Structures are given as structure tokens and as C-alpha cells.
Amino acid sequence: MEATHLLDLGGLQGLIDALTARGYRVIGPTVRDGTIVLAPVTTVDDLPRGWGDEQDAAHYRLRRRDDEALFGFAAPPQAVKQVLFPAEELIWRGRRTGTDFAVDERGVAESDNQPYAFLGARSCDLRAMAIHDTVLLGRQYVDVRYGARREGAFVVAVTCSDPAGTCFCVSTGGGPRPDAGYDLALAELLDGGDHRFVVTVGTDRGAQVLAEVPSRPVTIDEIVAADEVAVRAAGRMGRTLDTDGIKEVLYAAAESPRWDDVASRCLACTNCTMVCPTCFCTSVEDVADLTGDVAERHRVWDSCFSEDFSYIHGGSIRPEIRSRYRQWLTHKLASWIDQFGMSGCVGCGRCITWCPAAIDITAEAAALRWVAQPALAPASGAPPAPGPVRTTGGA
Ligand code: SF4
Ligand code: SF4
């Protein structure tokens, strides 16, 4: 789709106001506790103006940029998943009255009434949402709570201008420019001290909202400048992942000694799965109040890195970290393709940044490929070189 409009900062505020007036809860990036989190946004001043970040394996720092960019940072720890598929959710609440027991339906739908508008979603977010749509809505049993939130959600995407040292979305066929799944897409321009946003309309709904916002037609020069933002960012990915034949490589590596190597470093802390925007495994927890009259069932995120996750009568199927890491990586990059027709990895790099042991999915996949295809290994036999610590903000 072609960019058609241009917003200045007042226009961006107008967009937030128009979405709010239409009843959306506008959720966008904000700075909190030394990081960037998704939270309600009512003004452009809530956005991370002038903040960039620095990411590498087991490394995350916010840093001041040398400009006033509002979206000049890479993937923050939280993805949109946090909102659409929350870490904990009430499934039902039951009440006992005498010898009767009734399910309280209000407890089921209480959070799904007001639609969300996501401001600043990245290409990797959109692709992860598309994966969740397939997994949670496209199979026999539909996740009605996810579906309710997803159906009403309005998406304002943004082109990434400063990928992190852990980003590799381009290797997985996406980013840094959003290409589908948005209502409106922005590209932030700061050249010449003129702060503005080139807007591409993705849906009729997006066009209707944009019509309520002060804007002007975009010029050819501004379209070219927006293209250059995306091209520059694509050339600055911190890491790469060779996806050629990756499914076959991983299936062939089922008994690779590399799994023992990674298991000697992995803490089975589950961080990688908690930050991953495509992981969707959950468990249920039942709780009752002290009177025993009210019982609740909650769905909570779970992780294939936990020993209990594969527990069945008689024990855990994957008692060793070796088998749990193998399960995770093989599912993400190989069996996910057989299961859902797509990779389970969008290259956001979060699992690299937030792994306390600095385990890097791109390095592990490369090492497994070398075991399967020794001719591809570097002569030194050294592990793959990590990407640089990528500092955003005019670098
Ligand atoms: S790979 Fe890293 S983040 Fe994932 S469970 Fe192991 S130590 Fe934790
Ligand atoms: S596996 Fe890692 S890089 Fe891939 S989508 Fe999940 S968190 Fe992002």
C-alpha cells in the first residue's frame, strides 16, 4: 500500500484523541522502571520521547537519543501478546449457595468490553499476532477471549528505524516495515528538525479514523524518506538466522551433542518463553476463597522449560534441560511449520536479550546446522560470532 498522508505531532495527538473518542483504550509504549512497557496512552507526551535502547544477549539498557524520536527504540520486553493473551486470566468463577453451585458469567467477560487500539506496533508484533490468530482462532477450539480482544483491536503500526543488536526479523521474512495486519502504519521522520509521520492506510476503518485527524497529503520526497528509514533499518539487523532448510536441519539434529552443550548453560528459568510474542502454552490454576463458597479457574502462561509442563502420570516426559531446550527450539523453527504452516519465530530477538545465560537462538541454530552440515562450519570451529551491542539513537 502507498503512503498517502502526513501527520505532524499535533496530528499524532489528534489520532490518539480520535481513537479515544471512538471508545478505544489506546495502548502504546511508555517509559517505566528503566524499560519501555505497553500502557494506556492519552497524549504524545506519554510516549518515550528521546529514548533509545541498547540490546545484546542478556543485556538491555535504555539510553538517551540525540533526537526527539517517539519510536526510536527496538522491541521492548513486552509484546502485544501481554494485552491480547494476558499472562493470567480468569476463566470462570463459581459460587456455592447451600447445595447449589452456579458459574458467574460476569467473571468470564469482564475485561473484554472496550476495544484496544495499539499505537506503535512493530512488524514483528503484527506477524506474531497473525501467528496467534492461526493458533488461537484457526483451529477446532477457538479462544473466545483472545478472539473478542483481537476482533475489536485497532492497530497503528510503525516502521522500526533502529533495530537492536538482537533483532533479526529480516531473516525470518518480515520487518522492519509493517506489510500487513494494520489499520494505519506510520514512518517517523525527523530530518531537518521537522518531526512528522508518513501514514499508510491499511483498512477502511483506518481511513475513517484518519479522516477525523488533521493531516496533509504526503510528498514524493517524504515517501522516499520513509522508504529510506526502512531500508537503513533492514541493513542494521543485529543478527541473522539462516532459515534455508531449517526444518530438516533441526529434525536431523535430534541427537546432536549441541543439546548437551546448551543444556550446560540454560537455567530453565523460562524467561525466553515468557517474552516470546508467539509462545502460547498455558496451564490452569484453581483457587478457592477461605469460606470455600467461591472457586475460580485461572489460565496462566506456562513454559515448556518447566519440568512440570510435561508431567503426566508417572513422571515428566522431558526431565532434562537438554530435552526441554530441544523441544522449544525444534518447535519454534521446525515442527511449528508442520503444525501451522509457518515458522514460530518472527525474529524479534527478545529471547536473546532476556536470557540471563546469554543463550542466542541464532547461534544455537547455526551450531546445530554445522553439526548436521559440517562443510558449512567456519574453519576455526568457533561458535557463531554474536551480533554487536546495537545502540539506537543517531548511531
Ligand atoms: S534459554 Fe535462557 S531464558 Fe530460556 S530457559 Fe534457558 S536460561 Fe532461561
Ligand atoms: S523465538 Fe525469540 S526471536 Fe523468535 S519470536 Fe520468540 S522471542 Fe522472538
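The values are calculated or read from the model by the stated rules, or taken from the named source; none is laboratory data. Given the structure is predicted, the values throughout are model-derived calculations rather than measurements. As a convention, Cβ positions derive from the backbone with ideal geometry for all residues, glycine included, and neighbour counts pool all protein chains shown. Side chains are part of the model used for accessible areas, which takes the heavy atoms of the whole protein and leaves out ligands, DNA and RNA. Shrake-Rupley method; radii C 1.70, N 1.55, O 1.52, S 1.80 Å.
For this structure, a couple of remarks:
- Complete set of residues in the stretch 251-271 that are within 16 Å of ligand 1 (Cβ to nearest atom), out of contact with any Phe, Trp or Tyr (no Cβ under 7 Å at 6 or more places or on another chain) and assigned to a helix (DSSP H, G or I): Arg258, Asp260, Asp261
- Among the residues of the stretch 191-205, those that are open to solvent by less than 50 Å² (accessible area, probe 1.4 Å) and in contact (Cβ under 8 Å) with a residue 40 or more places away in the chain comprise His195, Arg196, Phe197, Val198, Val199, Thr200, Val201, Gly202.
- Within the stretch 215-228, the residues that satisfy the criterion of being open to solvent by 90 Å² or more (accessible area, probe 1.4 Å) and either over 29 Å from the mean Cα position of the chain (by Cα) or touching a residue at least 12 places away in the same chain (Cβ under 8 Å) (or both) are Arg216, Pro217, Ile220, Asp221.
- Considering residues of the stretch 149-177 that are among the aliphatic types (A, V, I, L, M) and open to solvent by less than 10 Å² (accessible area, probe 1.4 Å) only, the residue farthest from Val346 (Cα to Cα): Ala153
- Subset tally (residues that are touching a residue at least 40 places away in the same chain (Cβ under 8 Å), within 16 Å of ligand 2 (Cβ to nearest atom) and among the β-branched types (Val, Ile, Thr)) for the stretch 269-298: 3
- Every residue from the stretch 156-177 that is under 20 Å from Pro77 (Cβ atoms) and outside any loop (DSSP other than H, G, I, E, B): Ala157, Val158, Cys169, Thr172
- Among the residues making up the stretch 311-325, a single one is among the polar types (S, T, N, Q) and more than 14 Å from ligand 1 (Cβ to nearest atom): Ser316.
- Candidate set from the stretch 319-340 (those that are closer than 11 Å to Cys266 by Cβ and among the hydrophobic types (A, V, I, L, M, F, W, C)); member that is surrounded by the fewest Cβ atoms within 10 Å (Cβ to Cβ): Ile321
- Selection from the stretch 275-308 of residues that are open to solvent by 50 Å² or more (accessible area, probe 1.4 Å), among the acidic types (Asp, Glu) and more than 24 Å from Asp261 (Cα to Cα): Glu285, Asp286, Asp289, Asp293
- A residue that is modelled with pLDDT of 95 or more, farther than 18 Å from Pro257 by Cβ, open to solvent by less than 40 Å² (accessible area, probe 1.4 Å) and away from ligand 2 (no atom under 13 Å from the Cβ) cannot be found anywhere in the stretch 309-318.
- Filtering Arg216, Arg177, Arg232 for residues that are touching a strand residue (DSSP E or B) at 6+ places or on another chain (Cβ under 7 Å), of a type in the set (Lys, Arg) and farther than 30 Å from Trp370 by Cβ leaves a single hit, Arg216.
- Residue under evaluation Leu241, criteria (1) within 15 Å of ligand 1 (Cβ to nearest atom); (2) open to solvent by less than 20 Å² (accessible area, probe 1.4 Å); (3) not in a helix (DSSP H, G or I); (4) not polar (S, T, N, Q), criterion not met: (1)
- For the stretch 1-40, the tally of residues that are of a type in the set (Phe, Trp, Tyr) and at positive phi stands at 0.
- Matching option when the condition is within 29 Å of Glu151 (Cβ to Cβ) and among the acidic types (Asp, Glu), among Asp33, Asp66, Asp125, Asp56: Asp125
- Pair list, Cβ < 8 Å and 6+ apart or interchain, from the stretch 247-268 residues that are of a type in the set (Phe, Trp, Tyr) to residues that are within 16 Å of ligand 2 (Cβ to nearest atom) and assigned to a helix (DSSP H, G or I): Tyr251/Thr330; Tyr251/Ala334; Trp259/Tyr325; Trp259/Arg326
- Among the residues of the stretch 124-148, those that are charged (D, E, K, R) and surrounded by fewer than 19 Cβ atoms within 10 Å (Cβ to Cβ) comprise Asp133, Arg139.
- Failed condition for Trp354, given (1) within 12 Å of ligand 2 (Cβ to nearest atom); (2) surrounded by fewer than 18 Cβ atoms within 10 Å (Cβ to Cβ): (2)
- Any hit, the stretch 178-190, residues being within 16 Å of the chain's Cα centre (by Cα), assigned to a loop (DSSP other than H, G, I, E, B) and crowded, with 24+ Cβ neighbours inside 10 Å: yes
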